[in-house]
Amino acid sequence: MTFNIARFVYFGLLSIAVVGCGSDDPEPVPGPGAFAKDFATNASFFTNMTAAKLGSSPHKEVQIWYSTNVNGLIEESTFTVPVGTVSIKTANMDGIAGVDAYAVMVKKPAGYDTANGDWHYEMRMPDGTIMNDPMTNQPMSGPIPMCIECHAAAKAKDYLAGTTLR
């Protein structure tokens, strides 16, 4: 399957806690985010958005879920989230119904990427597998420059750019 940049979507943060949510949970998709595909219905996540919303980011129409450890915290004008926090962004970039991809952010321990808030980024396909960069054919997992560049503007909100979307 070739990578289509128009279908590229950011999938927010995934907590390691998601992996152990219960015996009926689906198997996590391998990768540093240990992505649980049931995040939208999993009690370990919440969203403040009633539906996907068209935005100005490269993700176009998005809906964002956060691990419940930040419920209430992200309402503040400035904040820092705990290690293990996960944000998952679904995106529909081509305007055709459905999710094109997921952007995942995972807050790592201090020292992971100090200059950029210690966030681990992943881009995932609709089936949850990690995408490959179309230019390098390398997995899109880690301190991804394009993700870092966009999220740097939200430093006061610990790089979580979409917390005001409703």
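Only the coordinates and a few stated rules stand behind these numbers; no lab work does. Every value quoted in this text rests on a predicted model; they were computed, and no experiment measured them. Don't worry about glycine lacking a Cβ; one is built from the backbone with ideal geometry, like all the others, and counts go over all protein chains shown.
Annotations for the structure displayed:
- Counted charge near Val104, where neighbours are those whose Cβ lies closer than 10 Å (Asp, Glu -1; Lys, Arg +1): +1
- Histogram of C-alpha separations across segment 117-161, 5 Å bin width, %: 5, 22, 26, 21, 15, 9, 1
- Distance between modelled label sites at Ser77 and Ala43, nm, 7 Å Cα→Cβ extension: 3.6 nm
- Exceeding the 18 Å Cα-Cα cut-off - candidates Lys37/Lys155; Lys108/Lys157; Lys108/Lys155; Lys107/Lys157: Lys37/Lys155
- If you take all other residues with their beta carbon under 9 Å from the beta carbon of Phe79, and give Lys and Arg +1 and Asp and Glu -1, the sum is -2.
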